[in-house]
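Everything below concerns the one structure shown next.
Where a number appears in this text, it was derived from the coordinates with a stated rule and is not lab data. None of these values were measured; they are calculated from a predicted model. All Cβ positions, glycine included, derive from the backbone under ideal geometry; neighbour counts span all protein chains shown.
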Amino acid sequence: MNRRCFWAMLLLSAFALPTLAEDKPKRVLLVTHSGGFIHDSIGFAEKTLKEIGPKHDLDVSCFRFTGDPDAKVKYKPKKDGPEVETTALAKYSEDYRVRTGTTVELKHCGRINAETLKNVDCVLFFTTGNPMTKDEFKDLSAWVKAGGAFAGTHCATDTMYGEPAYGDLIGAYFRSHPPGFQKLKINVEDAKHPASAGFEQGTPYEDEIYIFKDAPYSRNRLHIILSAEKGTFDPAKVVREDGDYAISWCREEGKGKVFYTSFGHKKEVWKDERFQKHLVGGLKWAMGLVPGDATPTGKITK
């Protein structure tokens, strides 16, 4: 090979490398650790995302348990029975099995920390309780501010109540929900946002409808994408004085982006292509793959 051919091939290789990197699927880490209520849909959500992920160039992995698997815990298997000691992982695996029909093994465990975050493009929470320590939350917060993508579905707002900065990051804390499943009509507040995909103004939908605490929720810091059309569902005894029943929003955090949707309680929702388009659109926006506005909405519309 002559020198001219050698340098030509080297130059072509140099330009080819970035193209190969750009073609790699984006790595989404789903976290379903449930220190509080364990939704029976979390296992189905994991399965669904892993199935549809490749269609959208998403490589989905999951941490089902983020605590110390070897920690010793005591509990009563039967209300009036004797107390037994076991590991945190064994106890959680049994609780998870009862709710989802599958178990949690060591391979399903992981910690959300700086080392983990180096290897993912987006973190998606479907969690309750405290899936992170305070130090791990600091790692996550710094990662997002530096350009990371953070997203949450449904009970991600029923998480980390003892860490107010988490509420600021995700955008709100869960207050309550009306009994059972509510049918409502969707108010599309930003039809141009990629996370509005799958829904049109007035689309009827059914799920467990979350109502949020007055703070830190605020339209002055959140870009509302979907909300409940006024008068189309019964909030029962959980009425907000402002009549503001948001469903989905996004916001910017430093150089990073945050997306949230309160839908996702029912397995039927995860099966629904409309919800899948909504969620994938939000994830892609958070990772900077598609454009979309994040300007705070500022007021209730329609």
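The ranking of 75, 205, 245, 260 by Cβ neighbour count inside 10 Å, starting from the fewest, reads 75, 205, 245, 260.
Over the chain, what is the relative contact order in whole percent, taking alpha-carbon pairs under 8 Å and six or more residues apart? Could you put the intermediate results ahead of the total?
On the way: 602 pairs, mean separation 52.4, N = 302.
Answer for the chain is 17 percent.
Could you work out the Rg to Rh ratio of region 154-210, with Rh taken as the Kirkwood radius (inverse of the mean 1/r over all Cα pairs)?
1.04
Just checking the listed ones, 240, 64, 27: in the Gaussian network model of the chain with Cα springs under 10 Å, the one fluctuating most is 240.
Once the convex hull of the alpha carbons of region 63-135 is built, what does its volume come to per residue, in cubic angstrom?
Details: hull volume 8.5 nm³, N = 73.
Spread over its residues, the Cα hull of region 63-135 gives 117 Å³ apiece.
A Förster radius of 30 Å, combined with the Cβ-Cβ distance separating residue 133 from residue 242, puts the computed FRET efficiency at roughly 0.30. Can you list the HN-Hα couplings for region 138-153, worked out from phi with the Karplus curve (6.51, -1.76, 1.60; θ = phi - 60°), rounded to whole Hz and with x for Gly and Pro? In residue order, the calculated couplings are 4, 4, 5, 4, 5, 5, 5, 4, 7, x, x, 10, 10, 9, x, 10 Hz. Of all DSSP beta bridges confined to region 124-247, the antiparallel ones make up roughly 75%. Given a Förster distance of 30 angstrom, what is the FRET efficiency for residue 165 paired with residue 37, based on the Cβ-Cβ distance and rounded to 0.05? Rounded to the nearest 0.05, the efficiency is 0.85. Extension gain for residue 119-residue 83 works out to 8.9 nm (0.36 nm per residue, less the C-alpha to C-alpha distance). Using a cutoff of 8 angstrom between alpha carbon atoms and counting only pairs six or more residues apart, the relative contact order for region 234-273 works out to 25 percent. Just checking the listed ones, 133, 100, 87: in the Gaussian network model of the chain with Cα springs under 10 Å, the one fluctuating most is 87. Estimated from the Cβ-Cβ distance and a Förster radius of 30 angstrom, the FRET efficiency linking residue 90 and residue 27 is about 0.55. Here residue 266 is the anchor, and the lysines within straight C-alpha reach of less than 24 Å, apart from those fewer than 8 places off in the same chain, are 47, 50, 55, 183, 185, 213, 230, 237, 277, 284. Across 236, 114, 172, mean-square fluctuation computed from a Gaussian network of the chain (C-alpha pairs under 10 Å connected) peaks at 236. When you filter the trypsin sites (Lys or Arg not before Pro) in region 84-115 for DSSP loop state and at most 14 other Cβ atoms inside 10 Å of their Cβ, nothing is left.
Mean separation of Cα pairs under 8 Å and 6 or more residues apart, divided by the residue count, gives region 123-260 a relative contact order of 29 percent.
When 139, 80, 214 are arranged by Cβ crowding within 10 Å, least crowded first, meaning fewest neighbours, the order is 80, 214, 139.
What's the whole-number percent of alpha carbon pairs in the chain lying beyond 33 angstrom? For the chain, the fraction of Cα-Cα distances above 33 Å is 27 percent. Subtracting the Cα-Cα distance of residue 75 and residue 252 from 0.36 nm times their residue separation leaves 59.5 nm of extension gain.
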